[in-house]
Amino acid sequence: AQSVTQPDIHITVSEGASLELRCNYSYGATPYLFWYVQSPGQGLQLLLKYFSGDTLVQGIKGFEAEFKRSQSSFNLRKPSVHWSDAAEYFCAVGRANFGNEKLTFGTGTRLTIIP
Amino acid sequence: GAGVSQTPSNKVTEKGKYVELRCDPISGHTALYWYRQSLGQGPEFLIYFQGTGAADDSGLPNDRFFAVRPEGSVSTLKIQRTERGDSAVYLCASSLSTGGFYNEQFFGPGTRLTVL
């Protein structure tokens, strides 16, 4: 069975600073990997996904993530955060080549932005 | 266009009562998912429908939980004899189905269930 670990429960960064949120996954075969953002009162919104190919993927809102198979990681990055980026971020894994099916989520990282 | 909608947005009930949570998927989405998100946790898979049938119900925690999707559109999650541990946000997601390919899941805002 697949699993996801997000080691940082809460991260605080200054507006304009760079950001990296960590995600490690466990899955014996090729994974599909996702980052979602959840703002208060909002549904989960997909930021970006990795299926195959280029290991550096670009997403919405200026986010990017890099898949590193050797480290079983899929860390999320942003060069300069904005106050509006304050939210909860979830990494998720799915099984590649199984079509539509469930996602397994990590426990999330809460991002706080200070002026 | 309209996204995934869920009703009610909040539900407070007493221990032992029966509740129904409704999900309206995006029009044309044949795949529908239910997840449960407890406080401080990520969403946890409950059940996945492809059309009217449950393709994967491996996440349902016990037989008090049941979900239906009789016409392949709206789905209802039913919880019998609710317990305080059932308190959580219940999320619904829907997606297209295109052959054997994965399709993005679009999530609703959730129903916050509180069992007193």
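The values are calculated or read from the model by the stated rules, or taken from the named source; none is laboratory data. Everything numeric here is computed off the predicted structure, so don't read it as measured data. Ideal geometry is used to build each Cβ from the backbone, glycine not excepted, and the neighbour counts take in all protein chains shown. Each accessible area value is taken on the protein alone, full model and side chains, heavy atoms only, with ligands, DNA and RNA left out. Shrake-Rupley method; radii C 1.70, N 1.55, O 1.52, S 1.80 Å.
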When the accessible area of segment A:29-106 is computed with all protein chains present and a 1.4 Å probe, what percentage of it is carbon and sulfur? 48 percent
In nm, give the distance between the simple-model label positions of residue A:10 and residue A:68, each being 7 Å from the Cα along the Cα-to-Cβ direction. 2.7 nm
In Å², rounded to the nearest 100, what is the total accessible surface buried by chains A and B against each other with a 1.4 Å probe? 1600 Å²
R0 of 22 Å, Cβ-Cβ distance residue B:81-residue B:7: FRET efficiency to nearest 0.05: 0.50
Antiparallel DSSP bridges in the protein assembly as shown: what percent, to the nearest 5? 90 percent
Ignore the peptide's own chain and count Cβ atoms of other chains within 10 Å of each Cβ in A:26-37; give me the average, rounded. 1
Counting other chain Cβ atoms within 10 Å of each Cβ in A:41-47 and taking the mean gives 5
Distance in Å, no decimals, from the C-alpha centre of segment B:1-44 to the one of segment A:1-80 is 25 Å
Would you mind telling me the antiparallel percentage of the DSSP bridges in chain B, rounded to 5? 90 percent
Dividing the Cα radius of gyration by the Kirkwood radius, what Rg/Rh value follows for segment B:50-116? 0.99
Need one value for A:93-104: mean number of C-beta atoms belonging to other chains within 10 Å of its residues' C-beta atoms. 6
Sorted by mean Cβ packing within 10 Å, highest first, what order do the peptides B:89-95, A:46-52, A:8-14 take? B:89-95, A:46-52, A:8-14
Taking Cα pairs under 8 Å and at least six residues apart, what relative contact order does segment B:29-93 come out at, in percent? 35 percent
Local electrostatic count at residue A:61 - Lys and Arg +1, Asp and Glu -1, tallied over other residues with Cβ under 11 Å: -1
Taking the C-alpha atoms of the protein assembly as shown, convex hull volume expressed per residue in Å³: 126 Å³
Can you tell me what the convex hull of the Cα atoms of segment A:17-89 projects to on average, as an area in nm²? 5.1 nm²
Report the far tail of the P(r) of chain B, meaning the percent of Cα-Cα pairs longer than 25 Å. 17 percent
Note down the relative contact order for chain A as a percent, whole number, built from C-alpha pairs under 8 angstrom at least six residues apart. 38 percent
Normalised by the residues of chain B, what does the relative contact order come to in percent, with Cα pairs under 8 Å and at least six apart? 36 percent
Mean Cβ count within 10 Å, highest first, over the residues of peptides A:80-87, B:109-116, B:41-48: B:41-48, B:109-116, A:80-87
Take peptides A:103-109, B:31-37, B:79-85 and line them up by average Cβ neighbours within 10 Å, highest first, as a rough protection proxy. B:31-37, A:103-109, B:79-85
